[in-house]
Amino acid sequence: MPKSLSADATVIPAGGQGDTGLEWCELGPDDIDAIFALHLAGMAGLPDPGIVKPERREFFAMLLGGGGRILGVRHGSDLIAYGVLQYDLSSEGVPRRALGVGASEPVAKLAGAAVAQGYRGRGLQRLLARRRVALAAAAGYRHLFSTSSPQNPVSWANLLAEGFVIVDLAEKYGGLLRFILHRQPDREAIAPALWCAADESDAVRRHLASGHIGVAQRVASDGRVEIGFGAAAQREAVE
């Protein structure tokens, strides 16, 4: 049976966008059909299928079998959102060089989330990130990473708001372009010093290569989504 999650001080909803009337729980093997159906429904509604990594049913089965944890949000008997926290990363590896994290340091991944169409715009995706960060910290993971398409600004804006920063832009999952985002609890806040459009891949890579990291998002006067970059502390070389 899923285990209910209490709303403790570390996972209080953001101001004005609460989860009143919704039940937060940890999902189990009996929930795999509902999880996979919600994933497929989200994929079917995308303007470009490359925006979100398609997952197989076996991926969720691996997580529910001990490779991670899946948080769920229910409205009545319906599963209306979920978020993945992945511990078992052996199949895809961890981008330790981009993260600046040594081989002995445990790393977990925020590996996807979905919110049903009628429940979007209520802050659930950001809350799912916040609660998974809290779960990872309780399990001893100081370093977290996630990936997000430059074409999915809602996703990476929520991650930036929860303490992640953009450290790389790379091809992942068979050629899909993705930001790699990293979160560590002791990172000092960095103010954006320069901006560029999120879809200008060459400019983004130049800023990252020059020692900057993405720390903020805004919408320019022409409607384009921009990333704000700030100078990062020098990361240690990782073998």
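The figures follow:
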read-out: Region 188-238 - Rg and Dmax from Cα coordinates, angstrom; value: 11.5, 40
read-out: Relative intensity, log₁₀ I(q)/I(0), of the chain from a Debye sum that treats every alpha carbon as a point, q = 0.11, 0.15, 0.16 Å⁻¹; value: -0.56, -1.08, -1.23
read-out: Protection proxy ranking, peptides 144-154, 170-180, 110-120, average beta carbon neighbours within 10 Å, highest first; value: 144-154, 110-120, 170-180
read-out: Normalised contact order of the chain, rounded percent, pairs of Cα under 8 Å and 6 or more residues apart; value: 16 percent
read-out: Potential lengthening between A189 and A203 on full extension [0.36 nm per residue; Cα-Cα distance subtracted]; value: 2.8 nm
read-out: Of L99, G68, A191, farthest towards positive along the dipole that unit charges on Lys, Arg, Asp, Glu beta carbons give the chain; value: A191
read-out: Sorted peptide list for 187-195, 125-133, 31-39, 97-105, criterion being average Cβ within 10 angstrom, highest first; value: 125-133, 31-39, 97-105, 187-195
read-out: Accessible surface of the chain, 1.4 Å probe, proportion on carbon and sulfur as whole %; value: 50 percent
read-out: Dipole moment magnitude, nearest 20 debye, region 116-239 about Cα centre, only Lys, Arg, Asp, Glu C-beta charged; value: 600 debye
read-out: Degrees separating the helix 124-138 axis from the principal Cα axis of the chain, which is the longest one; value: 90 degrees
read-out: Sites S77 and A138, calculated FRET efficiency, Cβ-Cβ separation with R0 41 Å, nearest 0.05; value: 0.90
read-out: Solvent-accessible area per residue for region 188-238 (1.4 angstrom probe, square angstrom); value: 60 Å²
read-out: Kirkwood Rh and Cα Rg combined as Rg over Rh, evaluated for region 52-163; value: 0.95
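The values are calculated or read from the model by the stated rules, or taken from the named source; none is laboratory data. Keep in mind that this is a model prediction, so the values were computed, not measured. Cβ coordinates were reconstructed from backbone atoms using ideal geometry, including for glycine residues, and neighbour counts include every protein chain displayed. Keep in mind that these areas ignore ligands, DNA and RNA; they rest on the heavy atoms of the full protein, side chains included. Shrake-Rupley method; radii C 1.70, N 1.55, O 1.52, S 1.80 Å.
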